[in-house]
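Written out below as structure tokens is the structure these notes cover.
Readers should treat all values here as calculations from the given coordinates under stated rules, not as data from a laboratory. What you see is a predicted model, and the numbers here were worked out from it, not measured in a lab. Because the Cβ atoms are built from the backbone with ideal geometry, glycine has one as well, and the counts that use them run over all protein chains shown.
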Amino acid sequence: MTEKPRRFRAPEQDTPWSVPVIVAQIPEAGSHVAFTANSAQRAALAELGALREISEASAEFDLAHGRGGLVHVTGQVRGRVGQTCVVTLEPMESLVVEPVDITFAPAGMVATRAVPHTADEEEDIPEPPEEIVNGTINLGRLATEMLFLGIDPYPRKADAVFVAPSEAADPDEHPFAALKALKETAPPSGRKPKPR
């Protein structure tokens, strides 16, 4: 079974890309929110994610009310990040497009997730809702987490091919080289070496 990728958790305080939305101000019919990170925010995000650079970062979300104070957030996060190819070690740019489908709930409704006993049980346990903090959802923090989730940790250029270093075989290094050298210095069979 392939292990599920774990979502990066942006720090609650000092989130570089902060776009708070007050839940009480979301219209009953829902709302559409789109925003883009500026150059200072992108630089801070790149530092947070240990990336060479982030040249683009944007998010587009649809927010809808659910029962019991739930808020359903769907949409997409896009970004263009500077990385290093793991094959050629050359700088490269990666496009990140990460879909979002997450539910937020008031603090009292967010249950602690039980730890599965086996790997198979992981598939049957749904992700718990995210917590609405002080009546607010920080969409910038969500966008940050989803952006980092979509980044390939082992980026590779499309035309990159790994070539193992080829070295000419040294005839003196094969397993029988020592035996051959010993044979050449040993006296012929049945003869004792002449005293000097």
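For the listed peptides 73-86, 37-50, a ranking on the average number of other beta carbons within 10 Å per residue, highest first, reads 73-86, 37-50. Taking a ≥ b ≥ c as the square roots of the eigenvalues of the alpha-carbon gyration tensor, the range 14-89 is classed prolate because a/c is 1.5 or more and a/b outweighs b/c.
Annotation: peptides 59-70, 89-100, ranked by per-residue average of other Cβ atoms within 10 Å with the highest first, follow the order 59-70, 89-100.
Mind running the shape call on the range 20-149? Use the C-alpha gyration tensor, a ≥ b ≥ c as the square roots of the eigenvalues: rounded below 1.5 for a/c, prolate if a/b tops b/c, oblate otherwise. Let's see the in-between values first.
On the way: a/c = 2.50, a/b = 1.38, b/c = 1.81.
It is oblate, given that a/c is not under 1.5 and a/b is not larger than b/c.
The stretch between Asp62 and Val133 holds 23.7 nm of extra length on full extension. This uses 0.36 nm per residue minus the Cα-Cα distance.
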